[in-house]
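Below: one structure, written as structure tokens.
The values are calculated or read from the model by the stated rules, or taken from the named source; none is laboratory data. A quick note: this is a predicted structure, and the numbers were derived from the prediction, not measured. Every residue, glycine as well, gets a Cβ built from its backbone with ideal geometry; the counts of neighbours run over all protein chains shown.
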Amino acid sequence: MTSEPLSRMNYGMRKTSKSIRLAAPRGFCAGVDRAVKIVEAALDKFGAPVYVRHEIVHNKTVVDALAEKGAIFVEELHEAPIGAPVVFSAHGVSRAVVEEANNRKMITIDATCPLVTKVHIEAKRHVLQQRHILLIGHAGHPEVEGTMGQVDDDAITLIETADDARNVIPPNDCELAFATQTTLSIEDTAEIISILQFRFPKITGPRGEDICYATTNRQNAVKAIAQGLDLMIVVGAQNSSNSKRLVEVALRAGASKAALVKDKDDVDWKAVETASLIGISAGASAPEKLVKDLIAEIQKRYDVELDEKALLEENVTFKLPSVLNSRVS
């Protein structure tokens, strides 16, 4: 006798019903879309292989697809031949990495998200104006390493938590400024900024919001559907900061449970079985195909009522680097 649950037996019985709320916007943002297109355009221009320092974005499906086309992913530049074309990931790199690439006479193609580049520019401006920077972010994240690497070590301090903000002792011989990693939780960042502004009333903030539009939009879309959910499923990589934040946001906004899965094969189907109302979203580096595959898998197992209400439509686009428009000499 099969041990499959009744909802999955083909006995002519009605399948169990599930209601799905689909968050929108979700998935690829303009910065991720640009980064992927940059690698594809570099392969078209220079031919395979093109080297990419670190994952171009935090998603194995995307990385594997580019690898099949001829991209070679390396952790450090010395793993690539001298003079080879190399793409810097969407997370950005430090000054030291750029200098190393130049010393190795590599053809550099910068896929750094323009919104991350904006933070880099702000950091350099603060140093020129003799301000010490308090950077709100997560240690070890490539974006944080890239931003901190824009300035000298003694010019910037990392703030990871509210406790860090309460206890940090910055240099007393200069003014202060703060900046943030672009993929953080809006609520967590707001709390940390409030603490810093209370402790240091004259601290300078960014001219515009550092947390990117796509992060904000995806978090707001999850908030809009989370109340009353039995289960929220976020499609994204475990090393994706913005995807992890969506899980946290869902729980805060009223979802009973929330899980981050890399794809349909990573789903805890026991949790799905006990959930009547399910929410689905995807991090900014997760392709829409993974969401469609997940929904299709749920539809195989259950009768599904699907509800998608987009909060807004994103129409942001970023140009590709000019090096990809010029001819190979």
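Which of the following residues is in a loop (DSSP other than H, G, I, E, B), out of contact with any Pro (no Cβ under 6 Å at 6 or more places or on another chain), assigned by TED's automatic domain parsing to the domain that holds GLU122 and touching a residue at least 24 places away in the same chain (Cβ under 8 Å): PRO206, PRO171? Give the derivation first.
Working: PRO206 fails: assigned by TED's automatic domain parsing to the domain that holds GLU122.
Exactly one residue qualifies, and that residue is PRO171.
Inspect segment 123-132 for any residue being under 22 Å from SER241 (Cβ atoms), of a type outside the set (Phe, Trp, Tyr), outside the structural domain of PHE46 (by TED's automatic domain parsing) and modelled with pLDDT of 95 or more and give the result as yes or no.
yes
Which condition breaks for LYS124 when tested against (1) assigned to a helix (DSSP H, G or I); (2) touching a residue at least 40 places away in the same chain (Cβ under 8 Å); (3) out of contact with any strand residue (DSSP E or B) (no Cβ under 7 Å at 6 or more places or on another chain); (4) farther than 30 Å from PRO81 by Cβ?
Failed condition: (2).
Out of GLU314, GLU305, GLU273, which single residue is over 25 Å from the mean Cα position of the chain (by Cα), surrounded by 13 or more Cβ atoms within 10 Å (Cβ to Cβ) and of a type in the set (Asp, Glu)? Before you say what the answer is, go through the steps one by one.
Working: GLU314 fails: over 25 Å from the mean Cα position of the chain (by Cα); GLU305 fails: surrounded by 13 or more Cβ atoms within 10 Å (Cβ to Cβ).
Among GLU314, GLU305, GLU273, only GLU273 is over 25 Å from the mean Cα position of the chain (by Cα), surrounded by 13 or more Cβ atoms within 10 Å (Cβ to Cβ) and of a type in the set (Asp, Glu).
When LYS118 is evaluated against the numbered criteria (1) of a type in the set (D, E, K, R); (2) more than 28 Å from SER89 (Cβ to Cβ); (3) surrounded by 15 or more Cβ atoms within 10 Å (Cβ to Cβ), which criterion, by number, is the only one it fails?
Result: LYS118 passes all but (2).
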